[in-house]
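The values are calculated or read from the model by the stated rules, or taken from the named source; none is laboratory data. Because the structure is predicted, anything quoted here is derived from the model rather than measured. In this analysis, Cβ positions are derived from the backbone assuming ideal geometry, glycine residues included, and neighbour counts consider all displayed protein chains.
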Amino acid sequence: MAIERYNAPAREKHWQAEWEKGDIFRAGDPAQGPKCYVLEMFPYPSGRIHMGHVRNYTMGDVFARYKRAKGFNVLHPMGWDAFGMPAENAAMERKTHPGTWTYANIEAMKAQLKSLGFALDWDREIATCSPDYYRHQQQLFLDLLKKGLAYRRSAKVNWDPVDMTVLANEQVIDGRGWRSGALVEQRELTQWFFKITQYSQELLDALSTLDKWPEKVRLMQANWIGRSEGMLVRWALENGTAPAGHEVVQVYTTRPDTLFGASFLALAADHPLAKAAAENNSELAAFCEECRRMGTSVADLETAEKKGFDTGIRAVHPLDAAWTLPIYVANFVLMDYGTGAIFACPSGDQRDLDFARKYDLPVVPVILPPGADAATFEIGTEAYDGDGTMMNSRFLDGLDTKTAFEEVAKRLEAAKLSGKAVGERKVNFRLRDWGISRQRYWGCPIPIIHCEFCGVVPVPAKDLPVRLPDDASFDKPGNPLERHPTWKHVDCPTCGKPARRETDTMDTFVDSSWYYARFTNPHSETPIDKQALAYWLPVDQYIGGIEHAILHLLYSRFFFRAISDAGHSGKNLREPFAALFTQGMVTHETYFQRDAEGKPIWLEPDMVRIDGEGAARTAHVIDTGEPAQIGDIIKMSKSKKNIVDPDQIIQHYGADCARWFMLSDSPPERDVQWTDEGIAAAGRFLQRVWRVVDVVQDLTGGPKPDRMAESPPPEAAELRKAAHRALSAVGQNIETLRFNVAVAQLYDLANVLGGAVNKSSEYAISAPLDHYALREPLREATELLVQMIAPMMPHLAEECWARLGYNTLLANQPWPAADPALLVDDEVTVAVQVNGKRRDELKIVRTASNADVEAAALKLESVIRALDGRKPKKVIVVPQRIVNVVG
RNA sequence: GCGGACGUGGUGGAACCGGUAGACACACGGGACUUAAAAUCCCGAGGCUUAACCGCCGUGAGGGUUCGAGUCCCUCCGUCCGCACCA
């Protein structure tokens, strides 16, 4: 009988409609048993999904479908990270409203996601740009404000004078705005901040509890938080050298043990003492100005030469009143870290050393590295910042670094300078408060009113949400909210006098810092439904890209704590994501030609024909026949044109095929390379499963035979074992997100099954009784295979399930249980080594004693030959694994 | 510069806790079916040597621990990623 090819695109629509009809992916009520919250990082609605989305959401979907089959009440929601710059850019370019553009994109992408057959609870869909969402965010902001976790202060920002907007650091390229190309300025603006630093220690400490997070992410966060233990040291300024009113300068140091190696102090250009000194010194003022301008370009910073300017002020050494040191303003000292002032020990710090050499300042070695000779040790061009033995340090000489630290700390804590201790121990963090103000339209309005008389007034809860005006104009750069004719004018809620609205909107990372909590009940009238949250949180498996390792994930960890402390959680829970998985990217080979100037012109994969293999591969442009170059295999990106459109793949091969390929071959945390061969192989497998199911149905669907074989053929037992082993292994591998291994095991089972099907067809003619004896195992293995592929290729699995005669949805079937009796063999194969080298293998009953195994091994001809007449000295037997004869 | 990860056939990768390296897939070669092709099915395959068996070599390089190392330790090389004047 001729079998029709499985028509994936047509049947997939059918099954999607069936699932929808049954509403089967709606998350159950909290009463319904053990829960499992599966979440993938929600997408920005750019307009079309890309292969990265397909991979990310397929992984989550497999996990969610599997957990559902295992009996969990699964929450698997989807939403849209819908605020942000691209919508405003689109508005500028296409003269559409950001909202119109965004919602059209959402509709298009939603249709794409549906065409992939994801088991999502669409009833919980969230778009962060919807007033239904952002009004709650405004409420949360006000609650944080009340708690003192949100505040306003003046801060330096990257300002693009052409676009008239603040730029994030990553939007400043070589000191210029990424869009306008204008030289970016540092501007002092009053900005809103969240007090993430209040949680520095907790965020750091709690990392150790996140044992289901990748070590890499935890390490990156720990480095980002950047805890250091040191001292604040107060230095007296020498009389007559300092500007009036300045008597002390405070520095932060992690190495008070090196105080006797100090040769100068250095201030940031923005340090108050530097500013004061610059008032009467125009050269110094000019130098400070130069330092300020430098701040923006990352590339400049890397290569910038260490520069300084002597203020003429001198500081008194805290351990020797007779010793004074010069104070410089230096371009490498940051106002944002520590106190904006340092003492420099050139022998122990490379920057200080470079600086000292340039300005001819003393370099005194104070730490002798282990093994070095004190008589000859000197500092050349490299500072020594390791531990060792103190030298040239008076009362510290001979102590080790740590003891010296303690000794100095003790003395400085006891010493007094104008009534206060000279030194105090201080833990410092690199993490800074989170600036959330953005001078943009398409974001969540900050619900604040500025009143000339009452100051900063929160918008009363009853007036929320503060809605974005629909009639803003996007024809000019700058903040549309700021120049809107009426929106910002509002009466003060306290005194009723004319006042103005805050025109800044929130950073979009605020939106994504709590969406996972909102998903637990997105229809709640309060920002968070405490009961729903208590049941569903934490997220049991969170999946997303490594690029969010710090920002999004750290902000979320902070924000969840902050809103919990503001009374929104009601559950003793600090971490929102119990398990995190970071998936790799989808890559593709690139192709290009060079233009007259040698710049690459990228070519779409479809435009190129590849011939040959290995190093001899060549590429040609199909239309013109011109030769082209084969470039690197890199992340799919529009600019390199190495993209493959999921829609086209779905139309051609079907969603299941795309899903299967995205799970195959590469470990999920690593990059996967898209190849035409790979997707074709997935397509072949899909058809093969369909054919096998079809044949098995024909072979086994008929009436029961009246006679069976007395002893079934060997294929029967082998097939049963293979099926149950796969069942056990595939379940575990899905559980641990090792999808590529699960896929390989399913291929394996399909191979065994295919062999058995062929045998059965043969027996049907030559040995009918054997044919009948294979019927039950064939059917069992086939059904198990179909059930196991269901999380990965859910449409095909439904189709097969129906073909096998069932009229129920496979998506509603429980995950089958493996028969433990079939997971162990009666007979095992044991490798036989002689002197650690494999020489043979031995089939023996599983329960054989070590002595039996040893005896059997020593009888093997291969062993006797390898021993070459020597007597075995020792025999090591690892039961059921290996026997090693040492001789 | 600092921190981290990784290095296995022609390719992607597998190998539980130190116990048969190369599962599975791609690419390749051979065969069956076909007038032919596609599709499908079967078979082969790490390298060297061999007619074949045998044998030798083999997880980036070198050394070590062990009866036994892809796996553990040390040194080096290479690739990738993160952070980067953090005092």
Open item on the list: What's the number of the only condition in (1) part of a helix (DSSP H, G or I); (2) surrounded by 14 or more Cβ atoms within 10 Å (Cβ to Cβ) that A:I844 fails to meet?
Closed with: (1)
Task: Members of segment A:55-101 found to be in contact with a Gly (Cβ under 9 Å, 6 or more places away or on another chain) and of a type in the set (S, T, N, Q), listed by number - done: A:N56, A:N73
Task: Index of the failed condition, A:E762 passing every other in (1) touching a residue at least 24 places away in the same chain (Cβ under 8 Å); (2) within 13 Å of RNA strand B (Cβ to nearest atom); (3) more than 22 Å from A:A817 (Cβ to Cβ) - done: (1)
Task: Flag for A:S569 being of a type outside the set (K, R) and touching a residue at least 40 places away in the same chain (Cβ under 8 Å) - done: yes
TODO: Determine which single condition A:K859 fails, assuming it passes every other condition in (1) without any contact (Cβ under 8 Å) to a residue 40 or more places away in the chain; (2) within 9 Å of RNA strand B (Cβ to nearest atom); (3) loosely packed, with under 15 Cβ neighbours inside 10 Å.
DONE: (2)
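For segment A:161-196, enumerate the residues that are in a strand (DSSP E or B) and either modelled with pLDDT under 80 or among the small types (G, A, S) (or both). Explain how you work it out, then say what you get.
Residues of segment A:161-196 in a strand (DSSP E or B): A:165-167, A:172-173, A:176-177, A:183, A:185-194.
Scanning segment A:161-196 gives A:T165, A:V166, A:L167, A:V172, A:I173, A:R176, A:G177, A:L183, A:E185, A:Q186.
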Open item on the list: Of all residues being assigned to a loop (DSSP other than H, G, I, E, B) and within 16 Å of RNA strand B (Cβ to nearest atom) in segment A:614-648, which is nearest to A:A111 (Cα to Cα)? Just the residue, please.
Closed with: A:V644
Open item on the list: Between a residue in segment A:769-787 that is modelled with pLDDT under 95 and any residue that is not in a helix (DSSP H, G or I) and not aliphatic (A, V, I, L, M), which pairs come within a Cβ distance under 6 Å, given they are 6 or more apart or on different chains?
Closed with: A:D770/A:P713; A:Y772/A:P705; A:A773/A:P712
TODO: Scan segment A:503-530 and report the pairs whose first residue is of a type in the set (D, E, K, R) and at pLDDT 95 or above and whose second residue is buried (at least 20 other Cβ atoms within 10 Å of the Cβ) and in a helix (DSSP H, G or I), with Cβ atoms within less than 8 Å and a gap of 6+ or a chain change.
DONE: A:D511/A:Y133; A:D511/A:Y134; A:D511/A:Q137; A:R518/A:Y133; A:R518/A:H136
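Out of curiosity, is A:G230 modelled with pLDDT under 90 and under 30 Å from A:R411 (Cα atoms)? Spell out the reasoning first.
Working: modelled with pLDDT under 90: no; under 30 Å from A:R411 (Cα atoms): yes.
Answer is no for this residue.
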- [ ] Output the number of the condition that A:Q697 fails; it satisfies all remaining conditions of (1) surrounded by 19 or more Cβ atoms within 10 Å (Cβ to Cβ); (2) under 30 Å from A:K70 (Cα atoms); (3) among the polar types (S, T, N, Q); (4) away from RNA strand B (no atom under 15 Å from the Cβ).
- [x] (1)
Open item on the list: I need every pair where a residue in segment A:116-134 that is assigned to a loop (DSSP other than H, G, I, E, B) has its Cβ under 7 Å from the Cβ of a residue that is among the basic types (K, R) and surrounded by fewer than 20 Cβ atoms within 10 Å (Cβ to Cβ), sequence separation at least 6 or different chains.
Closed with: A:D121/A:R26
- [ ] Could you grab the pairs with beta carbons closer than 7 Å, sequence gap of 6+ or different chains, first residue in segment A:203-230 and surrounded by 12 or more Cβ atoms within 10 Å (Cβ to Cβ), second one among the aromatic types (F, W, Y)?
- [x] A:L203/A:F558; A:I225/A:F429; A:G226/A:F429; A:R227/A:F429; A:G230/A:Y252
Task: Residue among A:T847, A:T829 that is at pLDDT below 90, touching a Leu at 6+ places or on another chain (Cβ under 8 Å), more than 30 Å from A:V54 (Cβ to Cβ) and not aliphatic (A, V, I, L, M) - done: A:T829
TODO: Inspect segment A:377-386 for any residue being surrounded by fewer than 16 Cβ atoms within 10 Å (Cβ to Cβ), part of a helix (DSSP H, G or I) and within 16 Å of RNA strand B (Cβ to nearest atom) and give the result as yes or no.
DONE: no
TODO: Find all pairs meeting these conditions: Cβ atoms under 8 angstrom apart; at least six residues apart or on different chains; first residue within segment A:531-543 and under 13 Å from A:W213 (Cβ atoms); second residue in a helix (DSSP H, G or I) and of a type in the set (F, W, Y).
DONE: A:V539/A:Y516; A:Q541/A:F63; A:Y542/A:Y516; A:I543/A:F63
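Step by step: first the residues of segment A:1-48, then only those that are among the basic types (K, R) and under 30 Å from A:T100 (Cα atoms), then the one that is surrounded by the fewest Cβ atoms within 10 Å (Cβ to Cβ). Which residue is that?
The initial filter retains those residues of segment A:1-48 that are among the basic types (K, R), namely A:5, A:11, A:13, A:21, A:26, A:35, A:48.
If we keep only those that are under 30 Å from A:T100 (Cα atoms) as well, we get A:13, A:21, A:26, A:48.
Values: A:K13: 15, A:K21: 9, A:R26: 14, A:R48: 14.
Per the criteria, the residue is A:K21.
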- [ ] For segment A:850-865, name all the residues that are in a helix (DSSP H, G or I) and either farther than 16 Å from A:P879 by Cα or of a type in the set (A, V, I, L, M) (or both).
- [x] A:A851, A:V853, A:A855, A:A856, A:A857, A:L858, A:K859, A:E861, A:S862, A:V863, A:I864, A:R865
Task: Search result, residues across segment A:228-286 that are in a loop (DSSP other than H, G, I, E, B) and either of a type in the set (G, A, S) or within 16 Å of RNA strand B (Cβ to nearest atom) (or both) - done: A:G240, A:A242, A:A244, A:G245, A:T254, A:R255, A:A262, A:S263, A:A268, A:A269, A:D270, A:H271
Open item on the list: Give me the residue from segment A:477-526 that is of a type in the set (A, V, I, L, M, F, W, C) and under 25 Å from A:E93 (Cα atoms) and, out of that set, surrounded by the fewest Cβ atoms within 10 Å (Cβ to Cβ).
Closed with: A:F509
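Test A:L719 against the criterion of being buried (at least 24 other Cβ atoms within 10 Å of the Cβ), within 16 Å of RNA strand B (Cβ to nearest atom) and closer than 15 Å to A:F685 by Cβ, and give yes or no. Before you say what the answer is, go through the steps one by one.
Details: buried (at least 24 other Cβ atoms within 10 Å of the Cβ): yes; within 16 Å of RNA strand B (Cβ to nearest atom): yes; closer than 15 Å to A:F685 by Cβ: no.
Here the answer is no, as A:L719 does not meet what is asked.
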Task: Subset of segment A:419-450 that is away from RNA strand B (no atom under 16 Å from the Cβ), among the basic types (K, R) and more than 26 Å from the chain's Cα centre (by Cα) - its residue that is modelled with the highest pLDDT - done: A:K420
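From the list A:A811, A:A797, A:A831, pick out the single residue that is in contact with a Lys or Arg (Cβ under 9 Å, 6 or more places away or on another chain) and crowded, with 17+ Cβ neighbours inside 10 Å. Lay out the reasoning, then the answer.
Numbers: A:A797 fails: in contact with a Lys or Arg (Cβ under 9 Å, 6 or more places away or on another chain); A:A831 fails: crowded, with 17+ Cβ neighbours inside 10 Å.
Step by step, each of A:A811, A:A797, A:A831 is checked, and only A:A811 is in contact with a Lys or Arg (Cβ under 9 Å, 6 or more places away or on another chain) and crowded, with 17+ Cβ neighbours inside 10 Å.
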TODO: Test each condition in (1) within 9 Å of RNA strand B (Cβ to nearest atom); (2) in contact with an Asp or Glu (Cβ under 7 Å, 6 or more places away or on another chain); (3) among the hydrophobic types (A, V, I, L, M, F, W, C) for A:L796 and report the one that comes out false.
DONE: (1)
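Could you name every one of the strands (runs of 3 or more DSSP E) located completely within segment A:529-604 that has at least 1 residues being surrounded by fewer than 16 Cβ atoms within 10 Å (Cβ to Cβ) and in contact with a Phe, Trp or Tyr (Cβ under 8 Å, 6 or more places away or on another chain)? Explain how you work it out, then say what you get.
On the way: elements: A:541-545, A:580-583, A:586-594, A:600-603.
Qualifying strands (runs of 3 or more DSSP E): A:600-603.
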